[in-house]
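Below: one structure, written as structure tokens.
The values are calculated or read from the model by the stated rules, or taken from the named source; none is laboratory data. Worth saying up front: this structure is predicted, and the values here are computed from it rather than measured.
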Amino acid sequence: MMTFKLESFVAKIKSPILLKSNNEEEYFESGVDLAAHDFSKRYSIKSLYTKDDKIIIEVEETKANEPFNYAGEAALL
């Protein structure tokens, strides 16, 4: 599950979203679907852009021993 702050932001996206992680891709009809998705790992956003009328979100796994902030992004050290 995403954090509340990120869920509320993502839920406002009305366009289709393609979530990319390593070599895997997962399609969501809208941000509401992505915000409701239950993730089994922690991810930080690597890149965010649009392509072919879709929003592409590239993520990378955040290791458990790495600090992270409440938005799920890598902490600045």
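Among the residues of the stretch 25-36, is any modelled with pLDDT under 90 and assigned to a loop (DSSP other than H, G, I, E, B)?
Checked the stretch 25-36: no residue is modelled with pLDDT under 90 and assigned to a loop (DSSP other than H, G, I, E, B).
Considering only residues of the stretch 39-77 that are of a type in the set (Phe, Trp, Tyr), in a strand (DSSP E or B) and at pLDDT 60 or above, which is farthest from residue 8 (Cα to Cα)? Full working, then the answer.
The initial filter retains those residues of the stretch 39-77 that are of a type in the set (Phe, Trp, Tyr), namely 39, 43, 49, 68, 70.
If we keep only those that are in a strand (DSSP E or B) too, we end up with 43, 49, 68.
From what's left, at pLDDT 60 or above: 43, 49.
Values: 43: 17, 49: 19 Å.
Per the criteria, the residue is 49.
Tally up the residues in the stretch 14-30 that are of a type outside the set (S, T, N, Q) and over 15 Å from residue 59 (Cα atoms), please.
Here is the first cut: in the stretch 14-30, the residues of a type outside the set (S, T, N, Q) are 14, 16-20, 24-29.
Subset that is over 15 Å from residue 59 (Cα atoms): 14, 16, 29.
Matching residues across the stretch 14-30 total 3.
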